[in-house]
Structures are given as C-alpha cells and as structure tokens.
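Visitor: Structure incoming, see below.
The values are calculated or read from the model by the stated rules, or taken from the named source; none is laboratory data. Note that the structure is a prediction, hence the values are computed from the model and not measured. All Cβ positions, glycine included, derive from the backbone under ideal geometry; neighbour counts span all protein chains shown. What goes into the accessible areas is simple: the full protein's heavy atoms, side chains included, and nothing from ligands, DNA or RNA. Shrake-Rupley method; radii C 1.70, N 1.55, O 1.52, S 1.80 Å.
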Amino acid sequence: MKNLGLYLLTLIILVFQSQAQEGKIITINIHAISLEKNLVGDSPDRNVSIYLPPSYDEDTNKRYPVLYLLHGFSGEKTGANNWEWAFNATDVDKLITFGIVRPMIIVMPDACNQFGGSMYTNSITTGYWEDFITNDLIDFVDSNYRSIPNRESRGIAGHSMGGYGAIKIAMKHPDIFRSVYGTSSCCMDIN
C-alpha cells in the first residue's frame, strides 16, 4: 500500500509538471524621473523584470491584474534576473495552469543603489524610490502592458526590505494598491 501511494504521488507530480504552460520573464530598462538628480549620482535608468503569464501572447484582448514584487536589501546586485529567492516562474506557471491562481503580470524592479538598498523611501540623497514605484513604474506598466489599471487589480508584496517597502507603500497609497503582503519584513519592530 505504501508503494501504491508513492507511485500515485509521483504520477500526479509528473502530470502536474508536464501540463503546465509556460509564461516568460523579460527584462527591460526604464528611465525613472523620480530618481533623477539624486545626490549620490545613482542612475535613474532601472532594470525591471516582468513576468507575463502563459496566455499573455495568445489572447491579445485580455487584461491582467498586476503584482509588484519588491526585493530585499542588495537583492539585485547579482544580476537583473536574480529573483530565484522569491520568485520561480515555473511554479507560477503551474499555479496558473491548474487554476490555483489567476493569470497575472508580476513586476520586479531593481531598487538597489550604491548603499545596497533604497528602503523604497523618498530621499533627496538617494532618490524618490516610493515615487518611482507609485508613479513611474505603475504608469510605465499600465501604458505598455495589458494590465487592469485600477486599484482592485493591483497588489504589492516583498521580502525583507521589500516587505517593509510593500507595507509602507500600501499603507500610504491605499488608492493605488488593493492588497499587500510582506515576508520577513524588516524594520517593523519599535525597539
């Protein structure tokens, strides 16, 4: 009986893996007006990785909700596509294919600076990172991708520094984000 259970579990996993359609991750570079003229001289040109769901290219009339996924401190230093710590496109493809989650666009901006991280906070010294997320990035995505451009279809999440940024930005901009999620959010303790 034990072997039968193991066999069935293996079969389910193999079927699950073989039937998932594939989305894609593209990396683009956008110019962020909010980050111009920062006093430390960091570039306002930022890499942004964007996950497009499996059906994105097939159904050109369909619009999608968007999740903005913020990385932790120094999360982008190893390259524009280094999101494995928080994001695995293959797993998302499977969740979408089997109806566990709705198809969505996932936007992952590079928010590192020469200090390792922006804390997604506006600063004359390091740049207006909160404005970058809430203005430049959202405007770019809504103008260039088939997003559903309203609060009800927009969420923000992050890990560590990104969790802190997601919670802070969502609390300050409830008119922009409907949902928020933070994992191991830093800097939330009063002591």
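Visitor: Among all residue pairs at least 6 apart or on different chains, which show Cβ distances below 8 Å where the first residue, located in region 123-139, is more than 22 Å from Pro149 (Cα to Cα) and the second is of a type in the set (Phe, Trp, Tyr) and open to solvent by 10 Å² or more (accessible area, probe 1.4 Å)?
Guide: Thr126/Phe115
Visitor: Which fully enclosed strands (runs of 3 or more DSSP E) of region 93-191 have 1 or more residues being open to solvent by 50 Å² or more (accessible area, probe 1.4 Å)?
Guide: On the way: elements: 105-109, 154-159, 179-183.
Strands (runs of 3 or more DSSP E) meeting the threshold: 154-159, 179-183.
Visitor: Then there's this: Take Tyr120 and decide whether it is farther than 15 Å from Tyr51 by Cα and at pLDDT below 95. Give the steps one after another, and end with the answer.
Guide: Details: farther than 15 Å from Tyr51 by Cα: yes; at pLDDT below 95: no.
It is false that Tyr120 is farther than 15 Å from Tyr51 by Cα and at pLDDT below 95.
Visitor: Also, quick follow-up: Restricting to region 32-63, count the residues that are outside any loop (DSSP other than H, G, I, E, B) and surrounded by 13 or more Cβ atoms within 10 Å (Cβ to Cβ).
Guide: Taking region 32-63 as the starting set, the residues that turn out to be outside any loop (DSSP other than H, G, I, E, B) are 33-35, 45-52.
Filter once more, keeping what is surrounded by 13 or more Cβ atoms within 10 Å (Cβ to Cβ): 33-35, 46-52.
Count: 10.
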